[in-house]
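A short worksheet on the structure shown next.
Just so you know, all these numbers are worked out from the coordinates, no wet-lab data involved. All values derive from a computational prediction rather than experimental measurement. Note: ideal-geometry Cβ built from the backbone for every residue, glycine included; neighbour counts use all protein chains shown.
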Amino acid sequence: MSKAIGKVFGAGGADTSMYGSEKEILNYLNNYNTTNYDNTLNNLTAYAANASNQLSNMGNYNFGVEASDAARQRAEQATYQSYLDKLQPQFANQTSDLAASLANKGITIGSDAYSRAMSDLQDSQNSALNQAAYQAVLNGQNAYSSSLQDSINAADFSNKAQSNYISQLLKALSNSYSGYDIAMDKYNIQSGAENRISQNKSYNNNAQAEFGNQFIGGALQGMMLSDIRLKENIKAVGKLDNGLTVYCFNFKGSPVSQIGLIAQEVKEVNPQAVSENEDGYLMVKYDEAVKVKE
């Protein structure tokens, strides 16, 4: 009953309806057509699923590369053989020319002078062969470095192709506003409004009950004019534990709503709580009227 009294007098005025802005955005979301987005997202999802099945054809990422040792060996052998093809005829001619020159000088085979001359020529030819071997090794190293760089470039190209492919898939799946997104937005707005409204209702209930208790507490003090002949716009708002009905009304000629009992009804239940004033109207002693008979 206390709550009903507080409600009549407007206690607990927290808004328990949805805000206009919430209604507007919900109305907007309810009328937002996501068909194109949803169809596009479905197509992109199907595309991504199909494309992901092709990832195995892209090969694995390359985290290390190796140069070709075979390329190094081929380069060394080719370079050295090229030098030999040029030097061997030269060596033969040099040896023949030196032998003829020594013979013309009377230096015979087996003599110390002959041996020294041939030894010097052989040292010169060995030096040329060593230089050829050095150039062969150098060319082999260059070939090895070149093959290593080729492997790096190939691996880098493959990795970039793989990354770009995956990036395209991820990009294709992004920036799509779907029906699910709309539903989640609506849920967040609706649940936020419901939580606030629920809190406000709880606040109003407590405020109305507190007001009603205070009102009844004040009414219990002394006699109050409660004759039905003086009241209008009478409306039942609750019942006391002893069965008496509590009404909302206003006294005739006054716009102010009030809460109270009807003296005529109280007289039937607790006649000792009712008295008559000098004008002949009934008054109620509320502390007596609300008592429950044993």
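Residue by residue through region 266-274, what is 3J(HN,Hα) from phi via Karplus (6.51 cos²θ - 1.76 cosθ + 1.60, θ = phi - 60°)? Round to whole Hz and write x for glycine and proline.
The phi angles translate into 4, 4, 6, 8, 10, x, 5, 8, 10 Hz.
Taking the Cβ of LEU98 as the center, what net charge do the other residues with Cβ under 12 Å away carry, scoring Lys and Arg +1 and Asp and Glu -1?
0
Could you tell me the center-to-center distance, by alpha carbons, between region 100-120 and region 248-274 in angstrom?
If we compute the Cα centre of each part, the gap is 157 Å.
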